[in-house]
Structure formats: C-alpha cells, structure tokens
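Notes to accompany the following structure.
The values are calculated or read from the model by the stated rules, or taken from the named source; none is laboratory data. As the structure is a prediction and not an experimental result, all values here were calculated from the model. Cβ coordinates were reconstructed from backbone atoms using ideal geometry, including for glycine residues, and neighbour counts include every protein chain displayed. Heads up: the accessible areas ignore ligands, DNA and RNA and are worked out on the full protein's heavy atoms, side chains in. Shrake-Rupley method; radii C 1.70, N 1.55, O 1.52, S 1.80 Å.
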Amino acid sequence: MNIARYPSDELIYSTPLPNAPPPPALLVAPVPVPLPASPVPPSPAEKPADYVYYQRRPDDFSSDARARATAAKVKLESFYKAALETAIDLNVRGAELERQLAEMPEDRQHREARRHAKTQSQFLRLRRTKIGLQDFRTVKVIGKGAFGEVRLVQKVDTGRVYAMKTLQKAEMLKRDQLAHVRAERDLLAESTSPWVVQLYYSFQDPLYLYLIMEFLPGGDLMTMLMKYDVFSEDVTRFYMAECILAIEAVHNLGFIHRDIKPDNILVDKNGHLKLSDFGLSTGLHKRTDGAYYQRLVEQELAPRNLARNSVEVNSIHLTMTRAETIATWKKNRRKLAYSTVGTPDYIAPEVFLMRGYGKECDWWSLGAIMFECLVGWPPFVSENASDTYKKIINWPEHLHFPEEVHLSRESEDLMRKLMSWADHRPPVHQIRAHPLFEGVGWDMLRFCQAPRAPTLRSITDTSYFPTEEYADIPEQPIGVERLDPDKDLAFLGFTFKRFTGVQSAL
C-alpha cells in the first residue's frame with residue numbers, strides 16, 4: 001500500500017496558519033482512484049433468480065405507522081413552506097430597500113442600509129428563537145371569552161406590554177371552531193392596517209393557542225356606551241366614520257367580519273378605534289349560526305306545562321314594559337357578550353336566514369351600532385335571544401325610531417339605508433359620500449383629536465376594563481383537556497412572528 005509521507009515530522013494543519021509557508025510536496029504522489037462507472041440496470045432476462053421485487057403497499061403498515069408518516073409529511077411541508085415564505089418576504093423587502101436607496105443621497109443610503117441590516121439581523125434572530133408562555137408575565141386578566149381569557153402581559157426581556165388571548169384547543173375542536181381560528185390568525189397576520197388590532201406573535205402548547213396582540217388601554221365601545229349611555233351626533237359621526245374605515249380595511253383583506261358589535265371595537269391610547277375579535281373569544285359559531293336561533297324559536301313554540309309556571313306565558317310582553325326590557329338588557333349586556341350564546345342584536349338578517357351573505361352584512365351591523373349610539377339601545381332589543389332573532393328576521397315590522405329621541409334627517413336616513421335588505425345597502429363609497437359625513441377628512445381622520453380620549457396613569461393602566469369581574473381567574477392558564485397527537489396536527493402552522501414588531505422594538 002502506498003502511504004503518502006512528508007520529508008519531516010512537522011505537523012501539517014488542514015487549515016493553514018496565518019503567514020505560514022505552503023506545505024512541502026508529497027514524496028509519493030497519490031494513486032488516482034478511477035470513478036466507478038454508472039450502474040446499468042440489468043435487463044429482466046439478466047436478473048438473478050433471487051432478485052427481490054419491491055412494491056409500495058402502505059396498507060400493509062399499521063395505522064400507527066401511517067399516522068406517524070402523515071404527521072412527518074405535514075410537519076416537513078409546513079416547515080419548508082414557512083422557510084420559503086420568509087425568504088421571499090426578505091427578498092421583497094430587500095428589493096424595496098434598493099429602490100428607495102436609489103433615490104436618497106449617499107450619506108443617507110449608508111444609514112438606511114445599516115438600519116435595515118440591523119433590523120433584518122434582529123428578525124432572523126427572533127425567527128430562530130422559540131417564543132413561549134414563559135416569555136411573558138401576567139399583569140392582570142382583562143377579559144374572558146367562551147374559549148379562554150384575555151390577559152395584560154409584559155414580555156420578560158423587553159418589558160413591552162401586550163394583550164394575550166388564550167384559546168383552549170380541545171374546546172375549539174369540540175365546537176368546530178378551527179376554521180374561525182385560522183381566519184382570525186390569518187387576517188391578523190396579514191393586516192398592517194392601523195384600523196385593525198396588530199398581532200405580534202402567535203404560538204401554542206399542548207393545551208392552548210396564544211395570540212399576542214397590541215394592548216389598547218382605552219377599553220371598548222361597549223364600555224364607553226355603558227358610561228355615557230348615548231352620544232351626541234357629532235361624536236357618533238366621528239366614531240362611525242372610523243368604523244367605516246376599519247370595516248373597509250377588513251374587506252380589502254378579503255375577509256368579512258360578520259360579528260361587528262360595540263365590544264369588538266377597541267379604543268387605543270389616543271381615543272381612536274380598532275377592530276378586533278374576528279369570531280373567537282365570544283363564540284362566533286354559536287352566535288351567527290342561523291340554525292341555532294331557529295332552534296331557540298322552535299323550543300319557544302313547543303308546548304309547555306303552563307301549570308308549573310304561568311309567568312312563562314309571553315313573559316316579556318305581558319309582564320314587562322319596553323323601558324323595563326331595555327333596563328334589563330343594559331344590566332345583562334356584558335354577561336351576554338362574554339357568554340357562548342352571545343347577543344344577536346347586531347347581526348344581519350341574511351346571516352340568520354342561511355341564504356348566503358357577503359360583506360354587506362357588516363354594514364347592517366354598523367347601522368345597528370349607530371342606532372345604539374344615538375338612541376341608547378339596539379334597534380331590536382329584547383329580553384332573550386330568540387325574540388331578538390325573530391325581530392331581526394322580520395325587521396320591516398320592528399324597526400322603529402323613538403319619537404322622544406331627536407335624530408337629524410341625515411342620521412335617520414343613513415341608518416335606514418344600512419339596516420335594509422342586503423341588495424339595497426349602499427357600497428362603501430356611497431356611505432362615505434353620505435351627507436352625514438360632509439366635511440369629514442377621511443385621510444386625516446386618525447390624526448384628528450378624538451372626542452373621548454382615555455386618561456391613563458401608566459402603560460399598564462386597566463381602569464377602562466372590568467377587571468374586578470375576573471379576580472377569581474388564575475394568573476396563568478390552568479390545565480384543561482389535552483388533545484390527542486393526531487388531532488393536534490390541525491393547529492400546525494399557527495406560529496407567527498411579525499417583522500414590523502421587531503422593527504418597532506429596536
């Protein structure tokens with residue numbers, strides 16, 4: 001055997017040292033090894049007698065093996081899809097930066113290039129970092145929904161404040177809410193609109209899904225209405241104009257909200273509005289399922305044992321005045337908002353009729369909210385959900401504007417146009433051109449002084465949230481039903497980290 005040796009016992013490093021002389025020549029040249037020829041598959045006649053033919057027969061494997069193979073395939077596809085999307089996103093941002101740099105002076109070009117490199121480096125580091133529940137400290141529970149809670153949290157390493165929504169996986173699957181989870185996550189991840197609540201992170205553990213969003217300390221429009229009862233027409237005009245821009249932003253993303261109501265309209269630190277809760281925290285499926293409310297009506301029409309409780313006979317109309325009905329509704333409205341049944345007060349009739357609906361259903365909801373802002377209660381308020389459902393289905397008979405409340409002709413006209421059959425509702429450009437909004441500067445609306453700006457004492461001020469109602473809820477999510485591993489695959493790809501979130505943190 002030929003062994004290559006150097007003329008001295010001097011150590012030779014595989015990586016040359018700096019300023020080191022080149023290694024001495026070999027005394028014996030290495031023997032060239034011929035490359036093997038490409039194998040030529042034998043013809044069927046030349047195959048040996050013991051040749052084994054292999055055929056793919058997945059059905060021969062156990063169900064457990066097939067399940068694990070499918071899980072591995074799905075996880076690999078999800079991993080490489082996310083990696084490819086990140087690479088494309090970075091390339092697009094790089095091309096956009098180059099276009100912008102070409103129009104800048106040379107000294108500014110260097111500054112912007114360094115800033116972009118720093119931001120991108122931070123993002124790539126964030127992408128490699130695993131975000132989990134241990135990275136956040138609970139300050140206070142500020143809300144509760146059908147599938148979990150909303151907490152005010154602080155990120156341990158940066159001190160930044162967020163709102164963390166927790167959702168129980170098992171409960172979401174049990175109530176067939178997976179599609180709604182995906183819809184909200186996708187919308188929030190895709191949106192960069194100032195009219196939609198920003199999502200910064202989303203992650204999961206074996207029990208919960210977590211959405212880490214921006215914290216809006218001003219509470220919601222429902223809390224504001226409970227405090228002021230009614231708004232003036234000028235204040236209503238301002239908030240309705242902002243709602244129009246928020247709904248338009250959601251529609252431009254290709255989504256329909258379907259569940260716009262005062263408690264889904266949040267108020268930021270400057271008093272401006274943002275849309276949130278795209279069908280999750282208070283159980284969108286139950287509230288917007290027309291069959292659900294139809295069953296309530298059928299139960300109400302079913303024969304009852306009146307001897308046991310005669311008060312049940314048409315209890316609202318025989319024992320309560322309209323004023324008492326409204327007072328009872330106001331007293332229970334927050335409980336209704338957080339229940340799994342919810343309140344149908346703002347849902348369009350076509351959603352209940354199950355004949356198909358489009359983005360026009362969101363404009364009906366806006367009309368109902370506007371009615372409440374000016375009058376003090378929703379247009380079809382009732383003591384229970386089934387009565388509200390029946391009134392909305394037969395809205396031409398039940399839509400009345402109280403004579404004791406002064407409404408301008410423009411306000412009433414807009415509400416009547418919004419609360420009409422879907423094919424008669426005006427599109428967004430006609431709504432914005434309505435006489436009620438004459439003189440509104442749509443492009444500068446978010447930079448105007450808001451009429452009801454919150455007064456805050458600190459970045460963790462929760463005085464605009466009913467936190468006293470959630471004092472018995474533990475600070476950290478407690479253990480709930482655990483999913484089977486195969487069912488947990490349904491939530492694959494839920495993780496998200498926002499690039500602009502890193503940029504704002506620099």
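Report note on the peptides 351-361, 379-389, 224-234: ranked by the mean count of other C-beta atoms within 10 Å, highest first, their order is 379-389, 351-361, 224-234. The charge dipole of the range 339-406, taken about its Cα centre with unit charges on the Cβ of Lys, Arg, Asp and Glu (plus for the first two, minus for the last two), comes to roughly 280 debye. Could you give the accessible area per residue of the range 123-220, probe 1.4 Å, as a whole number in Å²? Accessible area per residue: 36 Å². For the range 149-225, the Cβ-based charge dipole about the Cα centre amounts to some 140 debye (Lys, Arg positive; Asp, Glu negative; other atoms uncharged).
In sequence order, the range 103-120 has phi-based couplings of 9, 10, x, 5, 5, 6, 4, 5, 5, 5, 5, 5, 5, 5, 5, 5, 5, 5 Hz under the Karplus curve 6.51 cos²θ - 1.76 cosθ + 1.60, θ = phi - 60°, and Gly or Pro positions carry x. Listed peptides 187-195, 256-264, 110-118 appear in the order 256-264, 187-195, 110-118 once ranked by packing, highest mean of other Cβ atoms within 10 Å at the front.
The HN-Hα couplings worked out from phi for the range 355-371 by the Karplus form 6.51 cos²θ - 1.76 cosθ + 1.60 (θ = phi - 60°) are 10, x, 8, x, 5, 4, 5, 5, 6, 4, 4, 4, x, 5, 5, 4, 4 Hz, whole numbers, x standing for Gly and Pro.
Accessible area of the range 345-394 with a 1.4 Å probe: how many percent of it is carbon plus sulfur? Summing carbon and sulfur atoms, their accessible area is 47 percent of the total for the range 345-394. Using +1 at the Cβ of each Lys and Arg and -1 at the Cβ of each Asp and Glu in the range 334-441, identify which of Pro344, Met354, Trp421 lies farthest towards the dipole's positive end. Farthest towards the positive pole: Met354. Annotation: Cα Rg of the range 102-177 relative to the compact-globule expectation 2.2 N^0.38 Å equals 1.71.
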